[in-house]
Amino acid sequence: AGSAFIVKNVKAQGQMVKMCLFYDNPSGHARSDPIINQQCASGHVHTFYGPLGFHPDTTYDNLINTPPELSTSPYVENQSLYWHPSIYEVTDNGDGTETFTRVSQLETSPYYRWD
């Protein structure tokens, strides 16, 4: 299961609250970037966290209506979809070719800050 922590710092001009959410497992990997283009594949692979049923034209309603058992979110209340470019380890095969292996077991955390 995932975990979260909240850190509060008081500043002279107001209050600052930081919150990090940690996701243990991605919901998948795809050549999709829903913010940039909803019609075609992205130029590179992204790793996604949250609802399992993501696709380029995923809507807000799709996300908030995701049953908790179909999401990697550790929190029932948070069915947001998070993603980042997938990270690959490159191995030189010694014959002029390279092997690209997707890195897994990343410690991934969306970060929120309110001032």
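The values are calculated or read from the model by the stated rules, or taken from the named source; none is laboratory data. The structure displayed is predicted, hence computed values, not measured ones. When we count neighbours, we look across all protein chains shown, and the Cβ atoms used for this are built from the backbone with ideal geometry, even at glycine. We work out accessible area using only protein heavy atoms, side chains counted, and drop any ligands, DNA or RNA first. Shrake-Rupley method; radii C 1.70, N 1.55, O 1.52, S 1.80 Å.
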Count of the stretch 83-104 residues which are in a strand (DSSP E or B), surrounded by 10 or more Cβ atoms within 10 Å (Cβ to Cβ) and aliphatic (A, V, I, L, M): 0
Tabulated pairs, the stretch 58-78, first on the phi < 0 side of the Ramachandran plot, second assigned to a helix (DSSP H, G or I) and surrounded by fewer than 17 Cβ atoms within 10 Å (Cβ to Cβ), C-beta under 6 angstrom, 6+ apart or interchain: 76/68
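Of all residues in the stretch 26-53, which are open to solvent by less than 40 Å² (accessible area, probe 1.4 Å) and in a loop (DSSP other than H, G, I, E, B)?
So the first thing to find is which residues in the stretch 26-53 are open to solvent by less than 40 Å² (accessible area, probe 1.4 Å), and the list is 27-28, 30, 32-34, 42, 45-51.
Correct list: 27, 32, 34, 42, 45, 50.
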Count of the stretch 54-82 residues which are over 14 Å from the mean Cα position of the chain (by Cα) and open to solvent by less than 40 Å² (accessible area, probe 1.4 Å): 2
